[in-house]
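Here the structure is laid out as structure tokens; the discussion comes afterwards.
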Amino acid sequence: MGTSPHGPSPRTRRAALLAVGCAVVSVGTLLATTALEAEDAAALPATGGTAWWVTVVALLAQAGALARARLRPRTVLVATGVAAPLAALAGARDATSLTTLAVVLAVYVAVTTRPLRTLVPALAVTAVLVAAGGALAGRDSGLAVGSAIGLAVVQTVGTLALVLVVASWVAAVRESRRAREDERRAVAREQSALVRAAVDRERTAMARELHDIAAHHLSGIAVMASALERQVLTDPDGAQEAARQVRQQSRSVLRDLRSLVGLLREGDPASDARPETLAGVRALVADVAATGREVALAVLGDEQAAAREVGPLAQLAAYRAVQEALANAARHAPGAACSVTVDARDDRVVEVVVRNGPADGAAAGSAGSPGAAGGFGLVGMRERAALTGADLDVGPTDDGGWQVRLRLPREGEVA
């Protein structure tokens, strides 16, 4: 039984109260009954006699043992049971039954704090001791040996069985309450884990969006800055145009970043965030072409029908795939011609293909392939494709270039 700097713990106080209460009730009952001038007073030990004092000591010892009932339930069971035959042998006679109170309390505490199967040996020994004490007391009171033993066994079994039933029911109720509390805590932990997972997914999505936006625009800015450096002295007009394109690309990246941040600000009226769509691919290709890169767009089939039948998340995936593929081509195949094809002729899927040729000249040896970047662009493409049920194929072409092919299901095919 532990104590804290602020005093005994609640469990320690409850154990002490149990011991004191048992002592007061049992010894008080002994004092009251032996003090009465009743006709059957001869069945009780004389006040102040040896048997009376032995009985008092036995009752107090039982009460003291109860203070350890939660910590040593099996030991306390046997200890309280021993008091019955000891008091009977000392001549307590009918007062021997007063030792049953501590035994009942010890059984109740043991069964409500420990699994019943671990208490069976101690309970059996305790029952034998209590029955023996009852039989000895009955013999001293004038009963025949057989009658005394039979009566003691019946009383012991009935008393302990009743206590076992009550204590087992209380233990079951407590276990059920603990199980519900554990389940509640488990549900709370699961909910917390789901929230953390959702936050992690949102962070990953935002990181992917930032990567796509920055990679696309900064690749264009890098290309135009390189051209600007060469044109400052040789082609002032071209340098001015390149500087204008740098400013335009810078405004575009800031606009897109503001849109992305606006998505994080719920209810922000200043946010002009809007989802990118297949229709935006035209403007995207035009922006890239304006930087001086060779890029062509081909739209096959009914573009408006495709925009209606492809979900908004799938359209965003397609837009980001085109954006990332063009940015990769600028980094890894500088000077290579690019083509973007939006094929809406199939009534089941819309196919978006971005293809670039091999890098021109010496750049081909140092730039590498778009698939060897080691970044998050292709990872982001695959994640978006998986989320929307699209099929993504990326890889080199026969002429040494690179191709990204995304097949978007129309709404009728998404179930």
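The values are calculated or read from the model by the stated rules, or taken from the named source; none is laboratory data. Keep in mind the model is a prediction, meaning the values are calculated, not measured. Using ideal geometry, Cβ is built from the backbone for each residue, glycine included, and neighbour counts are taken over all protein chains shown. Just the protein is used for accessible areas: all its heavy atoms, side chains included, with ligands, DNA and RNA removed. Shrake-Rupley method; radii C 1.70, N 1.55, O 1.52, S 1.80 Å.
In the set A279, A344, A314, only one residue is in contact with a strand residue (DSSP E or B) (Cβ under 6 Å, 6 or more places away or on another chain), at pLDDT 85 or above and of a type in the set (G, A, S); that residue is A344. Against the condition surrounded by fewer than 24 Cβ atoms within 10 Å (Cβ to Cβ), β-branched (V, I, T) and on the phi < 0 side of the Ramachandran plot, how does V299 come out, does it pass? Yes, satisfied. Taking the range 57-89 as the range and being farther than 14 Å from L101 by Cβ and more than 46 Å from the chain's Cα centre (by Cα) as the test, the residues that pass are V57, V82, P85, L86, A88, L89. The set of residues from the range 287-330 being over 47 Å from the mean Cα position of the chain (by Cα) and within 18 Å of V353 (Cβ to Cβ) comprises A289, R293, E294, V295, A296, L297, A298, V299, L300, G301, D302. The set of residues in the range 347-367 that are surrounded by fewer than 19 Cβ atoms within 10 Å (Cβ to Cβ) and at pLDDT below 85 comprises D360, G361, A362, A363, A364, G365, S366. Remark: pairs (first residue in the range 299-310, more than 16 Å from T341 (Cα to Cα); second residue open to solvent by 60 Å² or more (accessible area, probe 1.4 Å); Cβ separation under 6 Å; 6+ apart in sequence or on different chains) = E309/E411.
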